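Any read-out appearing in this document is the output of simple, stated calculations on the displayed coordinates, not a laboratory observation. Note that the structure is a prediction, hence the values are computed from the model and not measured. Note: ideal-geometry Cβ built from the backbone for every residue, glycine included; neighbour counts use all protein chains shown.
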Amino acid sequence: MRLGLAGANELAQALGITQARVRQHLRTLLQHGLVEVAFVRGDGPGPRERVWRPTLKGQGNVRPYRVSSLFALFMRATRERVGQEMFVDLLRETAHLLAVEHSLAASTSLYERIKALQGLLDELAVASQLEELPLEYRLHLLTLAPWEPGIASSETGLFYCTLAEDFLDTRVELLSPCVTRRAVHTLQFHKAMN
């Protein structure tokens with residue numbers, strides 16, 4: 001819930017009301033464009049549950065984003081001042097520095113690195129979900145960071161790809177949005193570290 005992702009059950013427990021009441025409120029919020037379904041969990045037996053997240057409109061109505069909106073404006077102004085190529089270089093350098101600041105021991109397993117990366121994304125206010133495939137992992141970034149609105153998705157995608165490559169110490173591929181529609185960005189990498 002801290003990242004803005006929660007199912008009706010989690011919300012009901014946190015608010016001390018029934019799931020039926022939570023679902024009623026979620027339907028109203030959905031009608032007003034304040035929330036959306038991030039994904040549906042429950043691939044195994046048993047009921048499936050919608051996991052909700054606020055839309056940008058919903059976030060703006062709930063949380064004050066003065067600092068974040070100021071930073072977003074700063075990012076756009078920087079991009080306009082230095083140009084796209086230099087801006088992308090600055091984003092990549094920032095990702096490198098962030099990975100170095102949070103570096104892990106060389107003996108850390110890939111799975112432990114992934115979990116640590118998800119913790120770092122959590123600090124950046126980006127919700128993520130790990131999908132394990134037979135030969136690779138996909139890390140779905142489900143929400144925009146507060147500084148991202150107004151910045152091209154391709155530019156922020158390169159930031160996350162660089163951050164993940166440095167942090168995981170493996171080659172990371174940024175998948176196109178048409179491959180994974182439920183995520184803002186999806187990073188894919190092989191299970192064996194390079």
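Here are some notes:
- Cα long-axis angle, helix 19-31 against the chain (0 to 90 degrees, to the nearest 10): 60
- Calculated [222 nm] ellipticity per residue, helices only, for the chain: -15500 deg cm²/dmol; basis is -39500 (n - 2.57) per DSSP H run with n ≥ 4, divided by all residues, nearest 500.
- Neighbour-limited loop hits for trypsin sites (Lys or Arg not before Pro), region 98-194 (at most 10 other Cβ within 10 Å; DSSP other than H, G, I, E, B): R181
- Projecting the Cα atoms of N9, L174, V82 onto the charge dipole of the chain (Cβ charges, centred on the Cα centre) puts N9 farthest toward the positive pole.
- Candidates H140, H32, H96: whichever shows maximal mean-square fluctuation once the chain is modelled as a Gaussian network with Cα springs under 10 Å: H32
- Compared with the direct C-alpha span, the chain from Q24 to M86 gains 17.5 nm at full extension, assuming 0.36 nm per residue.
- Of E155, E165, E132, the one that fluctuates the most in a GNM where the chain has Cα springs shorter than 10 Å: E132
- Amide H contacts of L142 (H built 1.01 Å from N, under 5 Å, at least 5 apart or other chain): A127, S128, Q129, V184
- Most mobile of L133, L141, L29 in a GNM of the chain (Cα contacts under 10 Å): L133
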